[in-house]
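Trainee: Here you go, one structure.
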């Protein structure tokens, strides 16, 4: 379902003396439906970078990134937008929302984007929020004032609202207590069971061990340090 | 799939000065394109050329009309272009005053486009106008009030209702949140997002505010000195800028 | 013989005005710009109407002037005397006998014939002026038949007053094409705009002439659920008893006593001569006022 083939990336910082910083060379990764693959490696090694390239958020310099039939590295913006709506989900570390939008609307957004009617979409959003232990009195408030852990749970609810065939999870259990970590891992297992291909970054060893079938160490793709 | 708008090599010059040049892109139904740049970048000139408010010196702007498919609006005759401007196209101005009739009631403002395409039943016109006021979160009891009695945010929302009542497929917006209080901006952005999705609108939004494009636009074009220096998915251009100017722009934004 | 050229204006000016009139008749309801001349009366006193009358009068014509229906107001008398002096045409107060009738703000009650010309005095010829101040824009609207704004005006009336409140200068659509301001005639007169006589409209200060040829379709604008109604005061004339004419209301004392009389003085006196007497009227006698 997800196939990364010989992908390379470097950053060129034009406003800092045109410094060229290579960050990845020859990255390869394959994820089948129902599999969960973990990206591991020290902080700064390129885990998030690779994930963002799969999502199309970062440009790959060379190589192919196939999600389903679409090569994200070459696709038209329109195709990537379509992909993100129906096929590829992404739960980042940060919750980015339009201020003043109620939480239940934030979570329902991916469902509305695929054409679901408003009422069922909100009901599903509420079910997820309930599952993630977000108190009902918060559902009509904007999540911008929530605690870090609450925001993360809203983020996760939004990521799991729609049944994406491919899912990217960046530290989904960070800032969560044991109860909620359990809920999230359960949701990941549920997604796997329905056939989703998942790439995840987990700092928590136990969580990683529980849900992930394989580990890929991104340090294997680090360019050799310049002299 | 046929693009809704096909822009090819649009250029506009002011004597020797470049207003904008070499702009080409395709826009598909349901897509929102943001155009950012600083003052003098040419973004407003480009928007006005696309929307038929200015005549470009070169290039084509082809719109997928309902009756005849792709037609170049630059070479269209004026009655046709004006008709397009009342039905399939909409233009939201930065200052609501430029897009509203200030001496006509809110209901009259929203109903005008309906009357312009032949609506002749007062009750129906009023009902539809009231419905639209509700959709832009203006209380129905304001339907007979003049926009001069509205706040800036309400005027802007009224302008949006006035433009969208005939169900256009393409909306041009020039700094839609400019001049509004920050809290009001948020509400307006959310309203616009909802309407874009519900009505499957395409939109081209000019702004200097990167936060607005991040929240509203799927795709982004960055302009400098009349040229398009970078284009792509909004989140990609903002998170992984390739061009020197884009990198400068993104790094200059103040974080709160 | 008078020291003036016939009807005051020089021949070239008359030709210029006649060309404008012909164009106006060829395009019913379309406002034709013309080079309005300096007249011996200030703007706002009927210079447009006077110039049109001057251009169409011939020595054999019989001329009548009315101001709000009356032959004997100051303005009507002045203009009548002006043409008596400069054109030496016959003048009359009897509508049926006149071949050219200049009017301010009313259409005579009786039907006019194919051999008559009605000349209207027009203050603001542009029906859209108060909604759209730009002349460039209103000209475009007329040329592109974009009249949505006109209905906005009627919509505003209904939303503010519960009904279309325009009581005079009620906009009309001529031959299904141009929207026109019929001059400040009461809306009661609008149905009469479809008539057998030629109608010419002159605006001197605004420098426009427009026209309606005989038997032209003239439809007052309205909404499907608020149709046009040519209303008038719900009274009969107190002098002649007519129930179908437009009435002036006169306050007769400090106690609020009032009487209603036909605004068209010739119509009223013709009825009284024929023997009709109203509620406050006296039988007609030759030397009565």
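Trainee: Taking segment C:153-176, which residues are touching a strand residue (DSSP E or B) at 6+ places or on another chain (Cβ under 7 Å) and within 13 Å of chain B (Cβ to nearest Cβ)? Even if it seems obvious, please write down each step before you answer.
Mentor: Within segment C:153-176, the first condition is being touching a strand residue (DSSP E or B) at 6+ places or on another chain (Cβ under 7 Å), and the residues that meet it are C:154, C:158, C:163-164, C:167-168, C:170-174.
Listed by number, the residues that qualify are C:154, C:158, C:163, C:164, C:173.
Trainee: Moving to a separate point now. Just to be sure I understand, how many residues within segment A:197-209 are touching a residue at least 12 places away in the same chain (Cβ under 8 Å) and either out of contact with any helix residue (DSSP H, G or I) (no Cβ under 9 Å at 6 or more places or on another chain) or assigned to a helix (DSSP H, G or I) (or both)?
Mentor: 4
Trainee: OK, next. Scan (1) at pLDDT 90 or above; (2) more than 10 Å from every other protein chain (Cβ to nearest Cβ) for the single condition residue A:82 breaks and write down its number.
Mentor: Here residue A:82 clears every test but (2).
Trainee: Yes or no: segment B:202-209 includes at least one residue that is under 24 Å from residue B:6 (Cβ atoms), within 13 Å of chain A (Cβ to nearest Cβ) and either touching a strand residue (DSSP E or B) at 6+ places or on another chain (Cβ under 8 Å) or assigned to a strand (DSSP E or B) (or both).
Mentor: Kept after step one, since they are under 24 Å from residue B:6 (Cβ atoms), are these residues of segment B:202-209: B:202-207.
Then drop every residue that is not within 13 Å of chain A (Cβ to nearest Cβ), which leaves B:202.
Subsequent filtering for residues that are either touching a strand residue (DSSP E or B) at 6+ places or on another chain (Cβ under 8 Å) or assigned to a strand (DSSP E or B) (or both) retains B:202.
Yes, some residue in segment B:202-209 is under 24 Å from residue B:6 (Cβ atoms), within 13 Å of chain A (Cβ to nearest Cβ) and either touching a strand residue (DSSP E or B) at 6+ places or on another chain (Cβ under 8 Å) or assigned to a strand (DSSP E or B) (or both).
Trainee: Additional query: What residue, among those in segment B:87-125 that are within 13 Å of chain C (Cβ to nearest Cβ) and in contact (Cβ under 8 Å) with a residue 60 or more places away in the chain, is farthest from residue B:169 (Cα to Cα)?
Mentor: Here is the first cut: in segment B:87-125, the ones within 13 Å of chain C (Cβ to nearest Cβ) are B:87, B:100-125.
Add one more test, that the residue is in contact (Cβ under 8 Å) with a residue 60 or more places away in the chain, and what stays is B:87, B:100.
Numbers: B:87: 9, B:100: 20 Å.
Only one residue tops the list, namely B:100.
Trainee: Would you confirm, using the coordinates I've provided, whether residue B:128 is more than 10 Å from chain C (Cβ to nearest Cβ) and in a loop (DSSP other than H, G, I, E, B)? So that I can check it myself, show each step before the final result.
Mentor: Values: more than 10 Å from chain C (Cβ to nearest Cβ): yes; in a loop (DSSP other than H, G, I, E, B): no.
No; evaluated as a whole, the condition is false for this residue.
Trainee: Then there's this: Of the numbered conditions (1) assigned to a loop (DSSP other than H, G, I, E, B); (2) away from chain B (no Cβ under 14 Å); (3) surrounded by 20 or more Cβ atoms within 10 Å (Cβ to Cβ), residue C:102 fails exactly one; give the number of that condition.
Mentor: (1)
Trainee: Further question on the same structure: What's the total number of residues in segment B:131-144 that are over 23 Å from the mean Cα position of the chain (by Cα) and more than 10 Å from every other protein chain (Cβ to nearest Cβ)?
Mentor: Taking segment B:131-144 as the starting set, the residues that turn out to be over 23 Å from the mean Cα position of the chain (by Cα) are B:139-144.
When the remaining residues are screened for being more than 10 Å from every other protein chain (Cβ to nearest Cβ), the result is B:139-142.
The qualifying residues number 4.
Trainee: Would you be able to say whether some residue in segment C:138-152 is surrounded by fewer than 17 Cβ atoms within 10 Å (Cβ to Cβ), within 12 Å of another protein chain (Cβ to nearest Cβ) and part of a loop (DSSP other than H, G, I, E, B)?
Mentor: Yes, the conditions are met somewhere in segment C:138-152.
Trainee: Considering only segment A:176-186, I want to know if a residue exists there that is at pLDDT 90 or above and in a loop (DSSP other than H, G, I, E, B).
Mentor: No, the conditions are met nowhere in segment A:176-186.
Trainee: What strands (runs of 3 or more DSSP E) lie completely within segment C:177-289 and have 1 or more residues being touching a helix residue (DSSP H, G or I) at 6+ places or on another chain (Cβ under 7 Å)? Explain how you work it out, then say what you get.
Mentor: Working: elements: C:178-180, C:198-203, C:208-212, C:218-220, C:247-251, C:258-262.
Per the criteria, C:178-180, C:198-203, C:208-212, C:218-220, C:258-262.
Trainee: Then there's this: Within the bounds of segment B:176-183, is there any residue that is modelled with pLDDT under 90, over 19 Å from residue B:29 (Cβ atoms), surrounded by 22 or more Cβ atoms within 10 Å (Cβ to Cβ) and touching a strand residue (DSSP E or B) at 6+ places or on another chain (Cβ under 8 Å)?
Mentor: Residues of segment B:176-183 modelled with pLDDT under 90: B:176-183.
So of that shortlist, the ones also over 19 Å from residue B:29 (Cβ atoms) come out as B:176-183.
In the following step, the residues that additionally are surrounded by 22 or more Cβ atoms within 10 Å (Cβ to Cβ) were identified as B:176-177.
From what's left, touching a strand residue (DSSP E or B) at 6+ places or on another chain (Cβ under 8 Å): B:176-177.
Yes, segment B:176-183 has at least one match.
Trainee: Could you tell me whether any residue of segment C:120-136 is farther than 30 Å from residue B:82 by Cα and either surrounded by fewer than 21 Cβ atoms within 10 Å (Cβ to Cβ) or within 14 Å of chain B (Cβ to nearest Cβ) (or both)?
Mentor: Within segment C:120-136, the subset farther than 30 Å from residue B:82 by Cα is C:120-123.
From what's left, either surrounded by fewer than 21 Cβ atoms within 10 Å (Cβ to Cβ) or within 14 Å of chain B (Cβ to nearest Cβ) (or both): C:123.
Looking through segment C:120-136, at least one residue is farther than 30 Å from residue B:82 by Cα and either surrounded by fewer than 21 Cβ atoms within 10 Å (Cβ to Cβ) or within 14 Å of chain B (Cβ to nearest Cβ) (or both).
Trainee: Further question on the same structure: If you go through segment A:13-72 one residue at a time, how many are surrounded by fewer than 15 Cβ atoms within 10 Å (Cβ to Cβ), under 19 Å from residue A:89 (Cβ atoms) and either within 14 Å of another protein chain (Cβ to nearest Cβ) or without any contact (Cβ under 8 Å) to a residue 12 or more places away in the chain (or both)?
Mentor: 1
Trainee: Here is a further query. Anything in segment B:77-86 that is more than 7 Å from every other protein chain (Cβ to nearest Cβ) and over 20 Å from the mean Cα position of the chain (by Cα)? List them, or say none. It would help to see each step written out before you state the result.
Mentor: Pass one, segment B:77-86, residues more than 7 Å from every other protein chain (Cβ to nearest Cβ): B:77-78, B:80-81, B:83-86.
Once the filter is applied, which keeps residues that are more than 7 Å from every other protein chain (Cβ to nearest Cβ) and over 20 Å from the mean Cα position of the chain (by Cα), segment B:77-86 yields B:77, B:78.
Trainee: Continuing with the same structure: Filter segment A:87-101 down to residues that are at pLDDT 90 or above and within 11 Å of chain B (Cβ to nearest Cβ), then give me how many there are.
Mentor: Taking segment A:87-101 first, the residues at pLDDT 90 or above are A:87-91.
Narrowing the set further to residues that are within 11 Å of chain B (Cβ to nearest Cβ) leaves A:90.
So the answer is 1.
The values are calculated or read from the model by the stated rules, or taken from the named source; none is laboratory data. Remember, it's a predicted structure, so these values are computed and weren't measured experimentally. Cβ coordinates were reconstructed from backbone atoms using ideal geometry, including for glycine residues, and neighbour counts include every protein chain displayed.
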